[in-house]
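One structure below.
Values quoted throughout were computed directly from the atomic coordinates according to the rules given, and no laboratory measurement underlies them. Every value quoted in this text rests on a predicted model; they were computed, and no experiment measured them. For neighbour counting, all protein chains shown are included, and Cβ atoms are generated from backbone atoms with ideal geometry for every residue, glycine included.
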Amino acid sequence: MRQDELYLWFLSDPTAPRWVGQLRLVNAGKGVSLEYGAEWLNSGFPLSEDLLLVDIEQLPRWTGMAVGAVDDARPDRWGERVIQYLDKPARLSIMEYLYYAGDDRFGALGVSTSAGAYTPCAKNPLPRLAHAQQLSQVVHKVSDKEPVNEVERQMLSAGGSFGGAKPKALIEIAGEQWVIKFFNNEPIDVPLVEHASMTLAALAGITVAQTQVVPLVGENALAVRRFDRNGERRIHCISAGTALRAEAVAGGEPEFGYPHLAQLLRRAGVAQNDANLLDMQELFRRMVFNILIDNTDDHEKNHALLVVSPTRQGKYRLAPAYDVLTTNSGQGFQEFIVGADQRDSTLSNAMSQSELFGYTSAQAAAQVVRVISVVDGWRKHFAACGVTDADISSLALRIDGDQLHDQRRSFHPADYAQPAKSPRRRSPFAK
Ligand SMILES: Nc1ncnc2c1ncn2[C@@H]1O[C@H](COP(=O)(O)OP(=O)(O)OP(=O)(O)O)[C@@H](O)[C@H]1O
Ligand SMILES: [Mg+2]
């Protein structure tokens, strides 16, 4: 496969693939454009807010990317590595990565060499849980750049190119697809710590993707249930980066941050039963939780939106939280903007724009207190999950280190009590 043109398909019902349009390699091989087909223009929807239903070739605005939501259909660093290693395409452009990602990619988009039929890059069925040990060995070989045999190649080819930077694959558990994330020689048991962090987040009122620890010989892996699958159906999803980039005015740079994502949800989230307000408020809790457990790796691809009502103005729901874990970096700033002090990992920064999350400052402060009380119990929770004393001591240097512990101790909701209402301004017409 070495094509400068491919075809994009929509697979919310994979038994009835819908042709979306044509993809083309542009910008001297550094970008991919999309031109919707006539049928999609008639009966489709904008895949992201920057991909309007217009009859033109839509070009990417940033170099090294596919246009709009198409960019979320391509693999990330780990997947690119697997493709380089297993599929060995003659050329390595975004086109090859889009194609070799196969049929099980993130979201509901698919890529085919034909506009007449959805014919994705052929892959084997996903490995099952019973094969997790073998799968981990293949993944380690790819990480270490060791040769793999044909059986191993086929095992990883199915879901090995899923997103993210760290070693992972897709696996089937009881008929459902899960992402399986492997130990990557870190000084602590990261898969177990991720499970402990995610389940702790749930205690703080955060909707998290379901996780399950997969014990292997000498190490653990973490399985995370896919939230972009619903039985046989697929849910169109976009990353926060794609959603926020779509909002950037021509020539401007996008602003990647929690308040910005909250406002996007306010405008384009599902309004029924105040779902968008609940999502905005949950985003606030996620931000506070990430700060307090030192999850500083909260970048634009670590938040996603489910496009649940694609043809309506209120189309998005916040996807469950994933990739939430103590990064043990202690860097003191987040990847996503928090508030008036930009990325600073402080509760005062989190509180600085709480109204953008649909809270009064008193309500937001109550949520901070709620998250603090959950994080205060982190050691007990991590121990109950099986995290070793040594790993807990290592994590404590951050979570209970001066910087974060002091913030938990010195947060006083009374400081954020509602300001007395200013007297109503008198109408200039009143007598
Ligand atoms: N449960 C899930 N359901 C659907 N998609 C998921 C799920 N978990 C992760 N993803 C997708 O896979 C990507 C990689 O997953 P994840 O962020 O957990 O991996 P990672 O390698 O730790 O990431 P990073 O590059 O941030 O270190 C995510 O950005 C998201 O697009
Ligand atoms: Mg990630």
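Measuring against 18 Å, Cα to Cα, the residue pairs Lys141/Lys181; Lys88/Lys123; Lys166/Lys380 contain Lys166/Lys380 as the ones spanning a longer distance.
Across every pair of non-identical alpha carbons in the chain, the mean reciprocal distance, once inverted, gives a Kirkwood radius of 22.9 Å. Over the Cα atoms of region 5-112, the radius of gyration divided by the Kirkwood radius equals 0.95; this is the Rg/Rh ratio. If R0 is 30 Å, the Cβ-Cβ spacing of Ser348 and Asn184 corresponds to a FRET efficiency of close to 0.30.
Summing Lys, Arg as +1 and Asp, Glu as -1, what charge do residues with Cβ under 13 Å from the Cβ of Asp189 carry, Asp189 excluded?
-4
In this rough spin-label picture, where each label sits 7 Å from Cα along the Cβ direction, the Ala340-Arg379 distance is 3.5 nm.
The ellipsoid equivalent to the alpha-carbon distribution of region 172-286 has semi-axes of 31, 18, 16 angstrom, derived from the gyration tensor eigenvalues as √(5λ) and listed largest first. Charge dipole (Cα centre; +1 on Lys/Arg Cβ, -1 on Asp/Glu Cβ; no other charges) of region 1-136 amounts to roughly 580 debye.
Cross-link partners of Lys145 among aspartates and glutamates, defined as those whose alpha carbon lies under 17 angstrom from its own and excluding same-chain residues fewer than eight positions apart: Glu80, Asp87. Consider a paramagnetic label point 7 Å from the Cα of Leu397 along Cα→Cβ; state which residues of region 313-346 have an amide N under 11 Å from it. Only 328-330 fall inside the zone, counting backbone N under 11 Å. Helical runs assigned H by DSSP (4 residues or longer) give the chain a calculated mean residue ellipticity at 222 nm of -9000 deg cm²/dmol, each run adding -39500 (n - 2.57) before division by the residue total.
With viscosity set to 1.002 mPa s at 20 °C, what whole-number translational diffusion coefficient in µm²/s follows for region 232-416 from Stokes-Einstein and a Kirkwood radius over Cα pairs? Estimated diffusion coefficient is 125 µm²/s. Modelled spin labels at Ala390 and Arg91, positioned 7 Å past Cα toward Cβ, are 5.0 nm from each other.
Within the shell of other residues whose beta carbon sits under 15 angstrom from the beta carbon of Glu176, the net charge comes to +2, with Lys and Arg scored +1 and Asp and Glu -1. Between Ala366 and Arg233, the modelled label-to-label distance comes to 3.5 nm, taking each label 7 Å out from Cα in the direction of the beta carbon.
Under the combined filter of DSSP loop state and at most 11 neighbouring Cβ atoms within 10 Å, region 1-108 retains these trypsin sites (Lys or Arg not before Pro): Arg2. Using only Cα positions of region 245-312, each an equal point scatterer, no hydration layer, compute I(q)/I(0) via Debye at q = 0.24 Å⁻¹ and quote the log10 values to two decimals. The Debye formula, applied to the Cα set alone, gives -1.17.
Think of region 259-361 as a dipole: +1 on every Lys or Arg Cβ, -1 on every Asp or Glu Cβ, centred on the Cα centre; then among Gln334, Leu306, Asn290, Leu306 lies furthest on the positive end.
Round to a whole angstrom and tell me the spacing of the C-alpha centers of region 1-32 and region 256-335. Centre-to-centre (Cα) distance: 28 Å. Taking a sphere under 14 Å around the Cβ of Ala202 and counting the other residues whose Cβ falls inside, with K and R at +1 and D and E at -1, yields a net charge of +2. Evaluate E = 1/(1 + (r/R0)^6) for Glu5 and Gln331, where r is the Cβ-Cβ distance and R0 equals 51 Å; express this FRET efficiency to the nearest 0.05. For R0 = 51 Å, the calculated efficiency reads 0.75. Normalised radius of gyration (Cα atoms, divided by 2.2 N^0.38 Å) for region 110-211: 1.25. If R0 is taken as 22 Å, the Cβ-Cβ distance between Ala117 and Ala38 corresponds to a FRET efficiency of 0.80. Compared with the direct C-alpha span, the chain from Thr15 to Glu176 gains 56.3 nm at full extension, assuming 0.36 nm per residue.
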